[in-house]
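One structure is given here, and the rest of the page talks about it.
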Amino acid sequence: MTPPDPAEQIIAILYQALEPPVIDGARKEAKPGGYSDSGADIGVALLAAGCTLATPVADPDPTRVFDWVWPDTEQGIAAALEAGATLLWANTVVFEGHPIEQASRKAWIVGPDPQAMQEIDDKAATNARLLAAGLPVAQSWLIDGDGDLDAQLAPFADRTPLVVKPLRGRGSQGVSVARTTEQLAAQVRDLAESRRFGAAIMLEQFLPGQEITITVMPAACREGAASPFALPPVRRFDQHGDVAPYNGDVPVSRNSAAMTPEECADPAVTAVTAACEQAAALLEIRGTMRIDCRADAEGRYFLFDVNAKPNLTGSGRPGREDEDSLSTIAAAACGWTYSDFLLAAARGAWREPRDQQG
C-alpha cells in the first residue's frame, strides 16, 4: 500500500489517556500529561508546514496543549475520525488490544504497531532476539521481584557494577547503577517493594564508555530507501551516576549533542549505526524508533535499550525553545527542521486492510 502524502491528509494527534496494562507482572508507567506536550508541539509544527489538522477546538491556542490532541481512547479516536481525520498520529504508548488496532482499518497511522510495541517493550525478550540475530547487545538477566531475591542475586555477587532497571520502564525512570553487592541488593529490593513498575526487574551489563542514541526511521519515510535508515547519532553527557537524567527533569538539549561527521565516521560508531538499522529491520518497525547504545572499556558499542515510542518534542511553541528531543537533535544534524522531520515521519504512515463495514 502506497504511503500517504501528509499534505493530502487530515491529521489528528492522539495523546495517552489509557493506562498501559500490567503484562506478565511488568508495568509501564504512564507519562504525566500523556505526551500531550509533544502532541501540541507536533500539531503546531505540522500546521506551520501547511498540513490540515483535525483538532478538538476550532482555533487551537499554541499555549494550550489539549487544544491540539485527542485522547487515545475508543471514544477519543471515534471523535477524531468524526471530525474528519484521515491520519491518526499515535503519539502514545500502544499495546495489543489498543483501540488504534481497529482505527487502523479506517485511517492511516503514524506510530508503532501495537503488538510489535508490546513485544519490544519487553526489554529482556527484545535483547535476546537481537542477540540471537548476531547483533551486539548488552548482556541482561531477569529478576522476579516476587521471588527469593537473595537466591536470585547470589550469582551476581562478584559481577558488579550492574545496571538495575524495570523490565518495561519509560526513559531512565527507575534505572540505577549498583557498584557493590550491597547496592545491588538494596536497589533490586527497592524496585520490587515499590511495585511502581510491577514485579519484573532486569539486571544489565554495565558499560563504562560513551553513551549515544540512534534514531531509526522506516524505509517509507525517505524516497528511495529500501530498508530502515538511521539519523546521525546523538552523544549523551552530564549523566548522573552513569544514568542519563529523566528528560522531564533535565531537557535533553542540555546534555546531548549530535555527533560531528568526523565522530560519525569512527569505525565503532559506523558499526553500531549499521547494527541499529539491522535491529529496526528485524523488529519490522512501522514508526520512528530510538535505540540507546553504550561503549565498553575498549570502545566497542552495544545496544542496550530499544524505544519504540521515542519522545518527539520540538521547539516552536511559546516557552518551548529548550524542548528539542533526541530525535529532533539528530534530524537537525542532517539538515532537517522540526517540520521536515515530522513530515518525513508522517510519510511512513501505515494502515491495515480497509474495514469491510466501510
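Provide, for q = 0.06, 0.13 Å⁻¹, the log10 of I(q)/I(0) from a solvent-free Debye sum over equal Cα point scatterers in the chain.
Each listed q maps to, in turn, -0.21, -1.02.
How high is the FRET efficiency from Trp336 to Thr180, r the C-beta distance, R0 35 Å, rounded to 0.05?
Efficiency, rounded to the nearest 0.05: 0.20.
Modelled label-to-label distance, Ala265 and Ala58, 7 Å Cα→beta-carbon offset: nm?
5.8
Lys28: which lysines have alpha carbons under 21 Å from its alpha carbon, excluding same-chain residues fewer than 8 sequence positions away?
The qualifying lysines are Lys123, Lys165, Lys309.
Where in the chain are the helices, taken as whole DSSP H runs, whose Cα atoms extend 15 angstrom or more along the long axis and whose Kyte-Doolittle mean reaches at least -0.5?
Answer set is 36-48, 181-194, 267-282.
So if I take the alpha carbon set of the stretch 303-358, get Rg, then get Rh from the Kirkwood formula, what is the Rg over Rh ratio?
Radius of gyration relative to Kirkwood radius: 1.13.
Could you work out [θ]222 nm for the chain from helices alone, using -39500 (n - 2.57) per DSSP H run of at least four and dividing by all its residues? Round to the nearest 500 deg cm²/dmol.
It lands at -8000 deg cm²/dmol.
Lys106: which aspartates and glutamates have alpha carbons under 19 Å from its alpha carbon, excluding same-chain residues fewer than 8 sequence positions away?
Correct list for Lys106: Asp5, Glu8, Asp72, Glu74, Glu82, Glu96, Glu352, Asp355.
Report relative contact order for the stretch 65-223 in percent, whole number only (criteria: Cα-Cα under 8 Å, sequence separation at least 6).
Computed over the stretch 65-223, the figure is 18 percent.
In whole Hz, with x marking every Gly and Pro, tabulate ³J(HN,Hα) for the stretch 213-219 from phi via Karplus 6.51 cos²θ - 1.76 cosθ + 1.60, θ = phi - 60°.
10, 10, 8, 10, 10, x, 4
How high is the relative contact order of the chain, in percent, counting Cα pairs under 8 Å that sit 6 or more residues apart?
In percent, rounded to a whole number, it is 21.
Let me see the P(r) profile for the stretch 185-259: every Cα-Cα distance counted, bins of 10 Å, each bin given as a percent of all pairs.
Taking all Cα pairs of the stretch 185-259, the binned fractions are 15, 29, 33, 19, 4, 0 percent.
Arranged from highest to lowest average of other beta-carbon atoms within 10 Å per residue, in what order do the peptides 311-321, 260-270 appear?
Per-residue mean Cβ counts within 10 Å order the peptides as 311-321, 260-270.
Kirkwood hydrodynamic radius (Cα pairs, Å) of the stretch 32-74?
After inverting the mean inverse Cα-Cα distance, the result is 10.6 Å.
Once fully extended, how much extra length lies between Gln173 and Ala151, figured as 0.36 nm per residue of separation less the alpha-carbon to alpha-carbon distance?
That works out to 5.3 nm of additional length.
What list of ³J(HN,Hα) values in whole Hz, one per residue of the stretch 145-160 in order, does the Karplus curve 6.51 cos²θ - 1.76 cosθ + 1.60 (θ = phi - 60°) give from phi, with Gly and Pro shown as x?
Working through the residues one at a time gives x, 8, x, 6, 5, 4, 5, 5, 8, 3, x, 9, 4, 10, 10, 6 Hz.
Say each of Arg300 and Gln139 gets a label point 7 Å from the Cα, pointing the same way as Cα to Cβ; how far apart are those two points in nm?
Here the modelled spin labels are 1.2 nm apart.
Give the relative contact order (percent, whole number) for the stretch 142-265; include only Cα pairs under 8 Å separated by 6+ residues.
Values: 179 pairs, mean separation 28.9, N = 124.
Value for the stretch 142-265: 23 percent.
With springs only between Cα atoms under 10 Å, which of Ala90, Ala48, Ala26 fluctuates most in a Gaussian network model of the chain?
In the Gaussian network model the winner is Ala48.
Any number yet on Rg/Rh for the stretch 146-276, C-alpha, Kirkwood?
Reported Rg/Rh, Kirkwood definition of Rh: 1.05.
No lab work stands behind these numbers, since they all come straight from the coordinates. What you are looking at is a predicted structure, and each value in this text was computed from that prediction instead of being measured. Here the Cβ is made from the backbone with ideal geometry for all residues, glycine too, and neighbour counts use every protein chain on show.
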